[in-house]
Every structure is written in structure tokens, then in C-alpha cells.
């Protein structure tokens with residue numbers, strides 16, 4: 001008898017606990033939505049996080065905006081690769097770069113921009129076309145890298161968004177190890 | 001053999017005594033609440049950046065990312081305040097523990113997928129893994145604290161009846 005009463009009390013406790021929890025979440029949601037509409041820093045309730053398709057073979061990440069450096073396709077990247085007037089920049093980490101990268105590309109990790117810029121800058125030229133790439137379409141490091149380089153005064157910037165993934169898949173020239181930037 | 005067992009027993013009893021001490025529990029509440037309040041303020045001030053981080057985890061459908069980024073920091077803030085102030089401590093610590101469980105699941109899944117949370121891209125770089133491991137350990141410690149607050153309150157309420 002006593003045991004049953006205890007279990008009933010526990011049950012009621014858990015219902016109360018659950019209802020309190022729901023109440024807290026509703027309170028937080030109301031405050032959050034209220035703040036989001038009136039703080040001036042709010043964001044839309046449903047964001048646009050999908051990749052966009054610019055043309056047949058050109059998919060850009062959601063963060064790609066008008067006015068960003070030109071995005072190029074795999075075949076355009078191949079053409080540029082054959083030109084002597086082009087420098088490829090690998091915006092991924094040094095570790096990923098050493099595992100394999102586009103032949104002749106310089107490593108310039110976006111996340112360590114300040115460390116790498118003094119080392120890579122002497123090897124760049126403001127007259128040459130600079131093509132940045134990273135992992136693939138989901139990756140924005142190359143986009144961010146070119147935005148920073150533009151602020152440094154580089155004009156001929158392009159982004160190969162297909163990146164390492166596309167380049168490697170079709171068996172184009174690659175190399176491993178050795179960091180040309182160091 | 002027997003001696004060893006009693007020593008372990010004694011240590012376990014002492015450990016339980018310490019973690020159930022009312023001052024220890026108060027410190028636990030301050031730690032859990034404080035960390036969540038601190039963590040929530042930056043997210044509330046920069047919802048766009050927090051939404052970006054949520055996106056990088058590649059865990060939620062795109063349509064839910066923003067609403068998650070708007071509401072969750074406020075849940076953290078309110079529960080953090082409640083846990084410290086001693087209002088609805090049980091429900092608040094339960095919610096925070098559930099949040100921690102979901103963070104742990106999201107972190108560890110991405111850990112094994114080899115996803116670099118910072119850039120949202122797949123990377124085999126061990127540096128990213130190191131950061132992930134530290135975050136995981138931190139979340140597990142907080143989860144232990146959260147559960148202890150929840151359970152000790154439950155015991156106290158039952159004893160009171």
C-alpha cells in the first residue's frame with residue numbers, strides 16, 4: 001500500500017517536472033522571438049542555407065554573394081591550370097594540403113591568414129590570376145580567402161568551388177607532401 | 001581482498017557524501033548555471049554567427065537552423081538563471097542535461113565523420129579532432145554535474161515526503 005502511494009507521488013512529481021520544463025521552454029521561446037524581432041540584430045526565422053545553382057555546372061555555397069570573385073567550373077579551372085599566368089591557392093589546412101593538392105598549388109590556409117600572408121605574398125603577383133580552392137562545394141574557405149585577398153589589393157581572383165574533391169575525382173595532376181608556401 | 005573492498009567502499013561513501021554535500025551542490029549549480037549563462041550571452045548577441053555554427057554541424061534540416069539558433073540560447077539563459085537562483089532547479093537542470101546530451105551526440109557523430117566544425121568541411125586534420133575531444137570532455141563533465149543536481153533534488157524531495 002505504502003509502496004503504491006510512493007509510486008503515485010513519484011508519477012505526479014514527474015508530470016509536474018515535465019510541465020515545468022515545457023513552461024520554461026515556452027517562456028524562453030517567447031522571449032527569444034520577441035528579442036529577435038525587436039533587437040535589430042535578429043535573423044529571419046527560416047534561413048536560406050542551401051547551395052545555389054548559378055549555371056549548369058556551377059553550384060555556389062549559400063554565402064556566395066553578388067560581387068564576390070568569379071566562381072569557375074572544373075573545365076575552366078583545367079584551362080587556367082595550363083596557363084603559366086595562373087597561381088592556385090589551397091585554402092585548406094596544412095595537414096589536408098600535405099595529403100594531396102592540385103599540382104603546383106601553394107598552401108594558404110584561410111584560418112591562419114595572418115601567419116601565412118607574409119610567407120605567401122612574395123610568391124603571388126598582382127598581375128597573375130589567382131585561383132583559390134578548398135575541399136568542395138560545401139567548403140567556403142576559398143571564398144573567404146579571396147575576399148581577404150581582394151582587400152589586400154589583388155584583382156584577378158577566381159574561386160574554383162568544385163575544389164579538391166572534383167579535381168581529384170577526374171584524375172587531374174596532383175601532388176602530395178611538401179609545402180611550397182614554407 | 002576484503003580490506004581492498006572496504007577501502008573502495010569507504011572512498012565511494014566519502015565521494016557520495018562530498019557530491020551530495022549542500023555546499024558542493026551549490027557550487028555545482030553556480031558552475032552549471034554560470035557556464036550556460038556565459039555561453040548564451042554571446043549567442044544571443046550574434047544570432048547570425050551562431051546559426052552559421054549550427055549550419056556547420058550539418059545536423060539539422062536547413063529550415064530549422066535559424067529557429068534553433070534563435071531559441072536555444074534563450075533556453076540556456078533562462079535555465080542557467082533558474083539553476084543558480086534556485087527556481088525550478090529540477091526541470092532546469094533536466095533541460096540543460098538534455099541539451100548537453102544532444103551536443104555530445106552531435107559532436108561525437110561529427111568527430112567520427114571527420115567534419116571540421118569550424119569550417120563545416122570534411123578534414124582529416126588531427127588538430128580539429130583535438131579541439132573536438134576537448135569540447136566533448138567538457139560537455140561530459142557538465143553533464144555529470146547537471147545530472148547530479150537533478151538527482152540530488154529528486155532525492156531530497158522524496159525524502160521530504
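Annotations for the structure displayed:
- Scanning the range A:47-63 for residues that are surrounded by 11 or more Cβ atoms within 10 Å (Cβ to Cβ) and more than 14 Å from chain B (Cβ to nearest Cβ), we see that the one that is modelled with the lowest pLDDT is A:57.
- Restricting the range B:39-49 to residues that are facing chain A (nearest Cβ under 9 Å) and crowded, with 19+ Cβ neighbours inside 10 Å leaves a set whose member that is modelled with the highest pLDDT is B:44.
- Helices (runs of 4 or more DSSP H) (entirely within the range B:1-118) containing at least 1 residues that are closer than 23 Å to residue B:132 by Cα: B:22-45, B:47-57, B:62-85, B:89-113
- Matching entry among B:83, B:109 (being under 29 Å from residue A:109 (Cβ atoms), more than 10 Å from chain A (Cβ to nearest Cβ) and in contact (Cβ under 8 Å) with a residue 40 or more places away in the chain): B:109
Every residue, every condition in (1) away from chain B (no Cβ under 14 Å); (2) at pLDDT below 85, yes or no:
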residue	(1), (2)
A:14	no, yes
A:18	no, no
A:24	no, no
A:37	no, no
A:45	no, no
A:70	yes, no
A:73	yes, no
A:76	yes, no
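- Among residues that are buried (at least 20 other Cβ atoms within 10 Å of the Cβ) and closer than 17 Å to residue A:47 by Cα, residue B:36 is not included.
- Residue in the range A:46-54 that is in a strand (DSSP E or B) and without any contact (Cβ under 8 Å) to a residue 12 or more places away in the chain present: yes
- Residue match in the range A:82-104 (condition: in contact with a strand residue (DSSP E or B) (Cβ under 7 Å, 6 or more places away or on another chain), within 30 Å of residue B:63 (Cα to Cα) and buried (at least 17 other Cβ atoms within 10 Å of the Cβ)): yes
- Taken over the range A:150-161, residues that are surrounded by fewer than 24 Cβ atoms within 10 Å (Cβ to Cβ) and touching a helix residue (DSSP H, G or I) at 6+ places or on another chain (Cβ under 9 Å) amount to 4.
- Residue check, residue B:92 surrounded by 15 or more Cβ atoms within 10 Å (Cβ to Cβ), modelled with pLDDT of 90 or more and at the interface with chain A (Cβ under 8 Å from one of its Cβ atoms): yes
The values are calculated or read from the model by the stated rules, or taken from the named source; none is laboratory data. Everything numeric in this text was worked out from a predicted model, so none of it was measured. As a convention, Cβ positions derive from the backbone with ideal geometry for all residues, glycine included, and neighbour counts pool all protein chains shown.
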